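Okay, structure first, notes after.
The values are calculated or read from the model by the stated rules, or taken from the named source; none is laboratory data. Given the structure is predicted, the values throughout are model-derived calculations rather than measurements. We place every Cβ from the backbone using ideal geometry, glycine too, and count neighbours over all the protein chains shown.
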Amino acid sequence: MRTLVKPPKTVDLHTDSFVDDWEDYDADELLTLSIDLFRESLDAAIYWDYAEIKFIHGKGKGKLKECIYEELRDYKNAGSIASYYPAYHNEDIVIVLIGV
């Protein structure tokens, strides 16, 4: 049986925060790495019964934010999360409520 590692309560999806040689990747590869980290962290948070988890997607051109919200719609439609919304104090962060 595989046990998922507990993720931090706040996950920074900026690739420079978790990839040392991020300059060697193109934009699409960096986006894929961020989405992969998002999925791994959210799946682990669900597994560990977190009440909520926060993701920092930042401003940029909004591509990462757009992809994260698309993923969150899928998770919500599948019944895996209760809801999600931008942080009141910082729109660069999305708060995901896992339980109801």
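Among all residues of the range 74-81, there is none that is among the aliphatic types (A, V, I, L, M), surrounded by 15 or more Cβ atoms within 10 Å (Cβ to Cβ) and outside any loop (DSSP other than H, G, I, E, B). So which of V5, V19 ends up being surrounded by 15 or more Cβ atoms within 10 Å (Cβ to Cβ), assigned to a loop (DSSP other than H, G, I, E, B) and modelled with pLDDT under 95? Result of the check over V5, V19: V19. For first residues located in the range 27-55 and closer than 18 Å to C67 by Cβ and of a type in the set (D, E, K, R), partners that are assigned to a strand (DSSP E or B) and modelled with pLDDT of 95 or more and lie 6+ apart or on another chain with Cβ distances below 6 Å form the pairs K54/T10; K54/I95. Restricting D49, D36, D28 to residues that are assigned to a loop (DSSP other than H, G, I, E, B) and farther than 21 Å from E91 by Cβ narrows the list to D49.
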